[in-house]
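> I'd like to ask you about the structure that follows.
The values are calculated or read from the model by the stated rules, or taken from the named source; none is laboratory data. It should be emphasised that the depicted structure is a prediction, and the values quoted were computed from it without experimental measurement. Cβ atoms come from the backbone with ideal geometry, glycine included; neighbour counts cover every protein chain shown.
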Amino acid sequence: MNRRLQTYVLGNSHTPLSTLAGGGLLIIASSRFAFALVACVALLWVYGLTGLTAFVAKPILPKQGVRVILLFLSSLIGSLFLLLLWLMSPLLALGSAFIILLCPVYCMGSEIFAHLASETLEKVLVKTLIDAAILGFLIIVFALIREPLGFMTLSLPVGKGQGMVELFKDEDGTSLFPIRILASAGGALLLLGYGAALFRYLRKPYSKEEL
């Protein structure tokens, strides 16, 4: 793997896993697997189109207040995604609206927008999409843990009915009852803490100077 890319993904202070910014969206969007899939697509949509539009509009962007302009731009792009989702499945769009509307806020945490003037289009797209893909992947992984253990089911987004379909369901609702805490926000925070600790341990063991 390219060293610069590896450093950006795993060692940068703006990486979603090392910031509380990504943690908030991860906890909210991973409650159901259907919402996690929608969040992943929304992140790729918002990050990618925001990076592309910002690069194209770079010559006319002012030096002061560019982050505010990009925030409004990414909010518009996120709203367009919400509108498209509403046309396909109104109930799914209603259930995931807050998640989608949060994506532009986290998009502005991407490091690439701070150095937009010195980057090429390829680097802008690659870095923003990597940021989105990392956070989206973590949301999906957390959802695959939280929903089966917390709700004893697994949901997928659909365009009809309630906006999601459950692949299986525990009818009696008594199995693995204590572990259902993972379905709550507190359980998600606990899972996030263990995940972050494991990531830090695997990425770089503590040295004697850090102890």
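> Return yes when Ile99 is over 30 Å from Gly161 (Cα atoms) and in contact (Cβ under 8 Å) with a residue 40 or more places away in the chain and no when it is not.
On the way: over 30 Å from Gly161 (Cα atoms): no; in contact (Cβ under 8 Å) with a residue 40 or more places away in the chain: yes.
Here the answer is no, as Ile99 does not meet what is asked.
> Another question about this same structure. Restricting the search to segment 96-149, which residues are out of contact with any Gly (no Cβ under 6 Å at 6 or more places or on another chain), of a type in the set (Ser, Thr, Tyr) and at pLDDT 85 or above?
Result: Ser96, single match.
> If I filter segment 185-206 for residues that are closer than 27 Å to Trp86 by Cα, modelled with pLDDT under 70, not acidic (Asp, Glu) and not in a strand (DSSP E or B), do I get at least one hit?
In the first step, residues of segment 185-206 are kept if they are closer than 27 Å to Trp86 by Cα; the result is 185.
Narrowing the set further to residues that are modelled with pLDDT under 70 leaves 185.
Narrowing further to those that are not acidic (Asp, Glu): 185.
Narrowing further to those that are not in a strand (DSSP E or B): 185.
Looking for residues that are closer than 27 Å to Trp86 by Cα, modelled with pLDDT under 70, not acidic (Asp, Glu) and not in a strand (DSSP E or B), one finds at least one in segment 185-206, hence yes.
> Right, here's the next one. Name the pairs whose Cβ atoms lie under 6 Å apart, with the first residue in segment 105-121 and closer than 14 Å to Gly48 by Cβ and in contact (Cβ under 8 Å) with a residue 60 or more places away in the chain, the second outside any loop (DSSP other than H, G, I, E, B) and of a type in the set (S, T, N, Q), and 6 or more positions between them or separate chains?
Cys107/Thr50; Cys107/Ser74; Ser110/Thr128; Ile112/Thr128
> All but one of (1) outside any helix (DSSP H, G or I); (2) modelled with pLDDT under 85; (3) at negative phi hold for Ser155, so report the exception by its number.
(2)
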